Amino acid sequence: MAAKAKTKNAGLIKFEIKNRWTGDIQFVAEIEADENATLGFKVGLAVKWALGNSANLSGANLRNADLRGANLRNANLSGADLRSANLSGAYLSGADLRSADLSGANLSGAYLSGADLRGANLRNANLSGADLRNANLRSADLSGANLSGAYLSGADLRSADLRNADLRGANLRSANLSGADLRSADLRNANLSGADLRSAKNADLVIARTRILPDGDIIGWKKCAAGVIVKLRIPEAAKRSHAFGRKCRAEYADVVEVIGADKGISQHDGKTEYVAGQRITPDKFDENWQEECSSGIHFYISRIEAENH
């Protein structure tokens, strides 16, 4: 069966896909396309033909393939050359991409949940907003990759190369990053709760660059019920923490001012009162800084953030 696409003057043509290593013809696809269509367009049609005809895509040269929105679920693309391919919005759940070369590829918004990407080359790839939940990225090269807003919860990133990777706003909840290289990675606003960072390389400096809470007394702002704003002083001796976002927690705090009412009522439990001149101490304080929404007095370091909470 020929792979078809709506193109002007389209006709049935035979299109060769070669092995990336040997240069030998791996299969000949029958595709319906204009002879003058771009190479990437033809390669994309050939991949779709291969999937429908049980052709071997492992180790194939698929460079620059146009596979936007393609259904590649459970496809065996191990060792394939997909450099600079356009896979934006593609469905690759359960796909075998071991040792595939995806450097410079566009995988923005792609669905890669449970995909096997062990040892894959994703250098400088665009994975922004991609779904990589529970994907196996062990020893993958993600250096310089754009992973902003990507879903990586439960992903296996052991020994992965994440140098200079953009992980802003990424969800790395419960991800395994042990042994990963995080040098110069950008983790601002990333969710790393429950992530395993043991033995991660260059993690201390990367995390330090995301810290926003200074030592000493600090002023914090909290929004209470009915939009009441409370100005807090966090004493120097009070423990304080924040994860990778802007919300902070303190062991205790002194109420400096209540704006908009005589007292503020906690939105969390509906009963804790914030009155000027009083010290507020929660039942307990969770010292695990990676848990953003755990126990403690929650606050922001700017009034405008509290007002917009």
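The values are calculated or read from the model by the stated rules, or taken from the named source; none is laboratory data. These numbers come from a predicted model, not from an experiment. Glycine gets a Cβ as well: all are built from the backbone with ideal geometry, and neighbour counts include every protein chain shown. Remember, those area values only see protein heavy atoms, side chains included, never the ligands or the DNA or RNA. Shrake-Rupley method; radii C 1.70, N 1.55, O 1.52, S 1.80 Å.
When you go through GLY264, GLY270, GLY260 one by one, which is the residue that is in contact with a helix residue (DSSP H, G or I) (Cβ under 9 Å, 6 or more places away or on another chain), in contact (Cβ under 8 Å) with a residue 40 or more places away in the chain and open to solvent by 40 Å² or more (accessible area, probe 1.4 Å)?
None of the other options fit; the residue is GLY270.
Can we say SER295 is touching an Asp or Glu at 6+ places or on another chain (Cβ under 7 Å), open to solvent by less than 40 Å² (accessible area, probe 1.4 Å) and not β-branched (Val, Ile, Thr)?
Yes, satisfied.
Report the residue count in the range 96-132 for those that are open to solvent by 10 Å² or more (accessible area, probe 1.4 Å) and either part of a loop (DSSP other than H, G, I, E, B) or touching a helix residue (DSSP H, G or I) at 6+ places or on another chain (Cβ under 7 Å) (or both).
Summing the residues that are open to solvent by 10 Å² or more (accessible area, probe 1.4 Å) and either part of a loop (DSSP other than H, G, I, E, B) or touching a helix residue (DSSP H, G or I) at 6+ places or on another chain (Cβ under 7 Å) (or both) in the range 96-132 gives 14.
If you go through the range 195-212 one residue at a time, how many are open to solvent by 40 Å² or more (accessible area, probe 1.4 Å), out of contact with any Asp or Glu (no Cβ under 6 Å at 6 or more places or on another chain) and not in a loop (DSSP other than H, G, I, E, B)?
Number satisfying all stated conditions: 3.
Evaluate the range 153-160: report whether one residue or more is open to solvent by 10 Å² or more (accessible area, probe 1.4 Å), within 14 Å of the chain's Cα centre (by Cα) and farther than 14 Å from LEU97 by Cβ.
For the range 153-160, residues open to solvent by 10 Å² or more (accessible area, probe 1.4 Å), within 14 Å of the chain's Cα centre (by Cα) and farther than 14 Å from LEU97 by Cβ: present.
State whether the residues of the range 33-41 include one that is buried (at least 18 other Cβ atoms within 10 Å of the Cβ) and touching a Leu at 6+ places or on another chain (Cβ under 8 Å).
yes
Is it the case that ALA60 is touching a residue at least 40 places away in the same chain (Cβ under 8 Å), of a type outside the set (Phe, Trp, Tyr), in contact with a helix residue (DSSP H, G or I) (Cβ under 9 Å, 6 or more places away or on another chain) and over 24 Å from GLY144 (Cα atoms)?
Yes.
Given the residues ARG183, ARG168, ARG173, ARG188, which is the only one that is touching a helix residue (DSSP H, G or I) at 6+ places or on another chain (Cβ under 8 Å), assigned to a loop (DSSP other than H, G, I, E, B) and of a type in the set (Lys, Arg)?
Checking each option against the conditions leaves just ARG183.
Looking at (1) out of contact with any Asp or Glu (no Cβ under 9 Å at 6 or more places or on another chain); (2) more than 17 Å from SER294 (Cβ to Cβ), which is the one condition that is false for ASP215?
All conditions pass for ASP215, except number (1).
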